[in-house]
Protein chains: 2
Amino acid sequence: MRTMLEVEEALRLITDRVQPLAAESIPATEAHGWVLAEDVYAPISQPPWPRSPLDGYALHAADTKGAGWDMPVTLTVVDKIYAGGVPTVPVRQGEAARIMTGAPIPDGCDCVLRQEDTDLGTERVTIFSEVKPYQNYCPAGEDFREGDVLLCKGTRLTGRACGVLASAGLLRREVLLPVVRQVRCALFCTGDELVTNDTSALPPGKIYSSNAAMLAARLAELGVLVVRLAEAFPDDAHALAEAIRQAEEEADLILTVGGVSVGEKDILHETLPLLGADRVLWKARVKPGSPLMFSIHEKPILSLSGNPFAAGATFELFGRAVLAGLAGCGDLLPVRTKGILDTPFEKGGGMRRIVRGYFADGRVTLPEGHASGQLASSAGMNCLVDIAAEKGPLAAGSRVDVWLL
Amino acid sequence: MRTMLEVEEALRLITDRVQPLAAESIPATEAHGWVLAEDVYAPISQPPWPRSPLDGYALHAADTKGAGWDMPVTLTVVDKIYAGGVPTVPVRQGEAARIMTGAPIPDGCDCVLRQEDTDLGTERVTIFSEVKPYQNYCPAGEDFREGDVLLCKGTRLTGRACGVLASAGLLRREVLLPVVRQVRCALFCTGDELVTNDTSALPPGKIYSSNAAMLAARLAELGVLVVRLAEAFPDDAHALAEAIRQAEEEADLILTVGGVSVGEKDILHETLPLLGADRVLWKARVKPGSPLMFSIHEKPILSLSGNPFAAGATFELFGRAVLAGLAGCGDLLPVRTKGILDTPFEKGGGMRRIVRGYFADGRVTLPEGHASGQLASSAGMNCLVDIAAEKGPLAAGSRVDVWLL
């Protein structure tokens, strides 16, 4: 057995061997959730013209010089411009245009005076304040200018990014966007003890497969298409090798769960050589789930330990790193922050340990039931707590590293 | 004008007036993403029987008394049990059963000795260590027991929760789960200046509607069904009142954007009385987007300011509070944490301010372009930074409140 790798070394070995998938073009109207494979440029400026940020009067700053409540200045109102309207006449020195929030500022005007500093006049307006040039003046292209990079390569098209596309008029069916192809994953949960949920009465010695449902749903949450799902694959190394070979024809990633430890039924040790896969790593210094494997054959193969909590935690740690590599997008990694433990953590020492927790307002509560075979307490949790080997047992109030899920 | 409310008062007024939607039953296989309306009980225990957590020998702890490397004890091996198999004979005093990880521990045995402390014998096994009663022994029901509450009311059925359902054999079509009905939202973005993305050349004075695309996608991300989407509703108070009245027949929430300030075209002030809606609040002490409204008519009506960043930020702050109330699930609120500013923040003072940021590893970077009309810089951001009124300008290195998106 090789010396166990630290988690970060293992992650480096994994990400070194994973490349982003090819790009494809999809209609912008279907792009929500995808990752841009190329920069997208702005076809227009936004706003397209200088815009008023408030209700007031567009005018020449020079005309307001010296104006105050005790020194009013009166101008002729030559236009009234609502948002959605356009200026109808030029505004000369000594003139002003009534203007509303979001309306185009007429040519010649270099500022807007807020209506609170006027008498709200309609034909003539008396003003009680100075305005500086370009005060209350949103220049054309304040948000973005025609030709600017609007969204960068690697951006995940969230709701916010869809809003940005729409603000440039790009959210149309005819606009094709270059995006990284959706990751396709084949998931094999192995173990002779497993039966599917279609089995209404549990046979002796069997348990219901839970990793398949958990990880398939998690993959869907991360935008991955599950193209093959084996909930209860038998402990048959040859059959698994053949199934992986077939799955590699359509999947970008093979995820196996179970069979990675040192027992007689830990079939991955036989399956991977049968395939001729290159085993990049086996085991990382982390509990639970330390005997994970990562291999390269036609496609990357990530093999996780079968205990449900171990499978879930190592998927977050290593599986999402593979997905981020395939999608070319770091947003697929868990967000890391710090939290203060509300609950003491008694176990610990010896090896870096990942435990489940509930994070709220900077504080982390740990549930009862930490064993790697215990899954039920995961359901209401929203983070993993990453406890370094040297930390040992932790008192309530300790500051810990948190990975948000 | 009434005194402006603090954000927390506004949130309290909103959540006081929003009740969870009715429950409905859906097949468990379609429940991913939904919120449980009732507790779900475990129909079985998991594991169903005492289980071995490792590869070794199941035996009687009493037989190992005094055993050590210098004092080996030999037992007769009467059975071999793999995961998925069942014990075939009882194990008496002086006997042991070879057992693999995940296999049922035979009746009578009260512990498992790890194989590393044995000679791995097949017919007789020599053991070199004591074991305590119930050491390496996962009792039946370690994860959950038949009749236990498996998942609580209000739990959002994430991938982890789906795994828990599957581990109890509940992830079957025939199993109907009580869930809170999916929230249905009608979204009206108002403003005569707006045109839809179907408009290929921008007419003078017009801009592309972006709030509709942004918020519709964001609502979908939060599991909400958008049943009516008006991207560019004209500034016509009567037409809007009629459209809201119609939308209330199918929507649980009416979200309007624009028209909430004090200008001539701020039509919500006319629309809400036309409807006979009860305006619960107008304006909260927060920038941007302070002139938001919340009203109750047949359904709750949340009306946000139309500047794109203001609309997005106040949606996260107030819109998600309404959704959490309708879904009966606090997971719909943004996660709050703390971060250290990497970038100084020059503006500030006067009013509590929400700015966009990028959060990574406990640090927050602010983009250039904070104006509420600037949307493009939002695309790569993943948090909002909540800067208290008294804070004023902030130096790099300041500790700030962060809302993760």
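Report, as an integer, the average count of C-beta atoms from other chains found within 10 Å of each Cβ along A:212-224.
5
Taking the Cα centre of chain B as the origin and placing charges on Cβ (Lys, Arg +1; Asp, Glu -1), which of B:40, B:10, B:210 is farthest toward the positive end of the dipole?
Sorting the options by dipole projection puts first B:10.
For the pair residue B:80/residue B:173, report the inter-label distance in nm, with labels modelled 7 Å from Cα in the Cβ direction.
4.1
Quick one: with label points 7 Å out along Cα→Cβ, list the inter-copy distances for residue A:296 in nm, shortest first?
6.2
Taking the Cα centre of each part, how many Å lie between the stretch B:287-333 and the stretch B:167-243?
Cα centroid to Cα centroid, the span is 13 Å.
Suppose the Debye formula is applied to equal point scatterers at every Cα of chain B; what is log10 I(q)/I(0) at q = 0.11, 0.13 Å⁻¹?
-0.85, -1.04
For the protein assembly as shown, what proportion of DSSP beta bridges, expressed in % and rounded to the nearest 5, is antiparallel?
Of the beta bridges lying entirely in the protein assembly as shown, close to 65 percent run antiparallel.
About the Cα centre, and with charges only on the beta carbon of Lys, Arg (+1) and Asp, Glu (-1), how big is the dipole of the stretch A:335-404? Nearest 20 debye, please.
Dipole magnitude for the stretch A:335-404 comes out near 160 debye.
With charges set only on the Cβ (+1 for Lys and Arg, -1 for Asp and Glu), what does the dipole of the protein assembly as shown come to about its Cα centre, in debye to the nearest 20?
1060
I'd like the FRET efficiency for residue B:245 and residue A:202, computed as 1/(1 + (r/R0)^6) with the beta carbon distance as r and R0 of 45 Å, rounded to 0.05.
That gives a FRET efficiency of 0.25.
Any idea which of A:115, A:64, A:91 is furthest toward the positive side of the dipole for the stretch A:56-127, if Lys and Arg beta-carbons carry +1 and Asp and Glu beta-carbons -1?
Of the candidates, A:91 comes out farthest on the positive side.
Report the far tail of the P(r) of the stretch A:221-374, meaning the percent of Cα-Cα pairs longer than 29 Å.
Values: 2688 of 11781 pairs.
Percent of Cα pairs beyond 29 Å in the stretch A:221-374: 23.
Given the stretch B:335-404 reduced to its alpha-carbon atoms as identical point scatterers, what log10 I(q)/I(0) does the Debye formula return at q = 0.15, 0.22 Å⁻¹?
-0.41, -0.91
If we count other beta carbons within 10 Å of each Cβ, what is the order of A:293, A:351, fewest first?
Numbers: A:293 23, A:351 15.
In increasing order of surrounding Cβ atoms, one gets A:351, A:293.
For residue A:71, go 7 angstrom from Cα along the Cα-to-Cβ vector, then report the distances to that same point in the other copies in nm, smallest first.
Nearest to farthest, the other copies are at 10.5 nm.
Could you give me D for the stretch A:284-341, from Stokes-Einstein at 37 °C and 0.692 mPa s, where the hydrodynamic radius is the Kirkwood radius over C-alpha pairs? Units µm² s⁻¹, please.
263
Nearest beta-carbon of A to the rotation axis carrying it onto B: which residue, how many whole Å?
Whole-Å result, nearest residue of chain A to the axis: A:337, 2.
Evaluate the stretch B:56-127: find the radius of gyration of its Cα atoms, find its Kirkwood radius, and give the ratio Rg to Rh.
Value, to two decimals: 0.93.
Using only the Cα atoms, what convex hull volume per residue in Å³ does the protein assembly as shown have? Can you show the working numbers first?
Details: hull volume 131.4 nm³, N = 810.
It comes to 162 Å³ per residue, whole-number rounded.
With +1 on each Lys and Arg Cβ and -1 on each Asp and Glu Cβ, how big is the dipole of chain B about its Cα centre, in debye rounded to the nearest 20?
In total the dipole reaches around 700 debye.
Coordinate-derived values only; no laboratory data. Since the model is a prediction, treat every value here as computed from it, not as a measurement. Heads up, the Cβs are rebuilt from the backbone with ideal geometry, glycines too, and the neighbour counts pull from every protein chain shown.
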